[in-house]
Each structure stands twice: as C-alpha cells, then as structure tokens.
Amino acid sequence: MFDEAISKILEFIDEKSIFTETYPKFSGEGYRAHKIDIKNFHEIKKSHTGKKIAFIDGGNAEIIKSANFSLSLTRCCYAIYEGNKKLKSKRFEFFTFTMAVNDDNKIHYKAAFFNLDDALGLKETSFSSLDHTMMLGVNRAEISTVANAIRRFAELRAAKIIADGELADIIVLDGNLQATLTNENKYLEDLHESCEKNKVILTALSKINSLFTENGNLLSAVLASVSPLQSWFYCPIADIENKNHKAEMFFVKFHEKSRHVFRFEIFNIQKMKAEETINELAGNCTDPIFVGYPYGLVEADRIARVSNQEKESLKTMLLVKLKSRNIEKYLNSVNVHEILDRISF
C-alpha cells in the first residue's frame, strides 16, 4: 500500500515536470492574470545604497485553551538594517485573552490585552464565531484563531510605527499585503497612508508560495524551471483590481545559490520603486544560514518566536495559580488529543 502511494506521488511529480502552463490561476476576484513569458524575467543586481530596511515578523503561542476561552502570548518585532549591519531592533510583547460572549443572541469571541505597549494602538475587539474569514469549512471558528488575527494586526501597527517615525526607508512585512481578515483592511489602510505620506516603501515577502497555474502546478516551480537567469525577479504576474489587495506582485530568486523562489509584493502606488527595492533586498540575502532569504527576516523571526520551553513554563505557572478554581472542567473540553498522544507512547 505504501509503495503504491509512492508510485502515485512519483507519477504526479513526473506529470507536473512537463510544463504546459500559460497563466497563473487566482481564486478570488479582481485579478487579471498575465501569460507566462520568458521575456518577463529580469536580472537582479545586488546593491547597497545606504537605505535602511525594517524587517517585521510576529509570533504567538497559546498558553492555555478551552472551547470558550484562550490565553496566548503574542509577540511582534522589527529589526532595522543598513546593508548587512543591524542598527536596532524592538520587540513588542503582550498577552491576548479571548473569551466567548453572547452578543445579540450570537456567540462572539472578545479579545482583551494585557501588558500591551500603547504605541501599538490595539483596541479591545471581537469577532463573530461565524466570521467567514476565520472559519474552517462550515464549522464555527475556533477561539484560538483570534490570537493569530491579533498578531497580524500588531505587525501592521509595528510597521506604522516605523513609517510614522521615518525609522527606515523600506519596510518588509512577513507575508503579503492583502487584507483577508475582518478589520484587517483598516490597519492596512492606516499603514498605506503613513507610508505614502512619509515616502517609506512598503513591501512584503511570503515564506510560503501557494499560487497555482491553470493546470494545477505551482507557479514558483514553473518559473524556477524555465528561468534563463541565476538570480531574478519576474513580473508582471497579474493586474490586481481587488480593493483589499493594493499591491503589485512579483516572484523573486534573490541569490544564484538559493533553492527558493519567493512571492514579493510592493504597495501598488510605489511599483516604480520595485526594481531598486528588490536589488537592495538582495544585498541582505547573502548569509549562508539561509542563502537567498533576507537575514533581517531571519533575525525578526528569531526575536519574535515563542519557544516551546517558554510556553510550557508559562502554562505551568498559570495552572498552579488556577489550581484552586477547578479549571479542569474547562480544559477537558479540548485536551482529549493530548491524552491520546500520551497513551500512544
């Protein structure tokens, strides 16, 4: 049976290695795809012009969870570089407590914050448990998803702090410039306004590529296979007319020795600055720890990451303090998988 599965995988890979793709495939509305054309590859020429680049990433870990409440440690960080020299970094850290409440006879998830830096400007917020931007299929959204949304909002606020303070010439977010969550567009619009006003270039780089071609292949794999260049950027991908996605999209391979192709986006009104920005970023992608990926994002990820050791330590302290309050009856609503995992070993 296992050999049959392997054969099927190999058959699938072999089939996809014959590239017959002509267009990228978008699932949402507001995208007019351009035909894949070898003429759209452009050589990257690394540059160091003295511009300051701010890299932004976030992380969070759920400390304790039941079906109707959740406590998470949320972090976001910026690291500012000039060339390959780190100038400064800052980490924001706070707790997000989410609880299920009845609002107009409907279940909402209300988020409150503790130890929050006022500079982030996050306000207590709530999401419908049936919010389609957070649901998985037809089921009610899990309460844990709220902390992930809050982390994204915190990253956008950290970027606004950079732009308002003119602390960098270029901002690089981890991810993309599309608003996919309820309330996210407001944070992005505020960031757009700040970047435009202060002439700060706003970009994003996605670690994961899931954009397909019309034949179901990965666009990044197709481009990597047909490119005539060693390090390159590719555009145009599509004309974007989606009001929640004000970006110009590229695919990039920052270093000739890299095995990775990334999706790169720039605020659409700044698209004329894209080539020089890509060349500048390529100069930060030479570290052998992850060649072809901006070291500034590696550093931002490191600072923002919540380790399992930290998570378990906080969980232990919290359970000790709550021991007298019979909290187990709530935790037992979601910990069955943990029990089964322990039994299996």
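Rule-based calculations on the coordinates, nothing more; no lab input. Just so it is clear, the structure is predicted and the values come from calculations on it, not from any experiment. Don't worry about glycine lacking a Cβ; one is built from the backbone with ideal geometry, like all the others, and counts go over all protein chains shown.
Distance between the modelled labels on Lys88 and Lys186, one decimal in nanometres: 2.9 nm (7 Å Cα→Cβ projection).
A simple count of charges around Ser194, restricted to other residues whose Cβ falls under 12 Å of its Cβ and scoring Lys, Arg +1 and Asp, Glu -1, yields -2.
Membrane-span-like helices in the chain (whole DSSP H runs, Cα extent of at least 15 Å along the helix axis, mean Kyte-Doolittle hydropathy of at least -0.5): 2-16, 145-164.
Treating each Cα of the stretch 41-306 as one equal point scatterer and applying the Debye formula with no solvent, the log10 of I(q)/I(0) at q = 0.07, 0.09, 0.12, 0.13 Å⁻¹ comes out as -0.26, -0.43, -0.75, -0.87.
Computed from the C-alpha gyration tensor, the three semi-axes of the ellipsoid equivalent to the stretch 88-170 are 29, 14, 10 Å, from longest to shortest.
Pairs of alpha-carbon atoms within less than 8 angstrom and 6+ residues apart define the contacts here; what relative contact order does the chain have, in percent?
In percent, rounded to a whole number, it is 22.
What is the sum of charges around Arg157, taking Lys and Arg as +1, Asp and Glu as -1, for the other residues whose C-beta is under 12 Å from the C-beta of Arg157?
That works out to -1.
Restricting the calculation to Cα atoms, every distinct pair contributes to the Kirkwood radius of the stretch 114-250, found to be 17.2 Å. Rounded to the nearest 20 debye, the dipole size of the stretch 241-310 about its Cα centre is 200 debye, using +1 on the Cβ of Lys and Arg and -1 on the Cβ of Asp and Glu.
Note on the chain: with charges restricted to the Cβ of Lys and Arg (+1) and Asp and Glu (-1), its dipole about the Cα centre is near 840 debye. The residues neighbouring Asn176, those whose beta-carbon lies less than 13 Å from its own, together hold a net charge of -1 under the Lys/Arg +1, Asp/Glu -1 convention.
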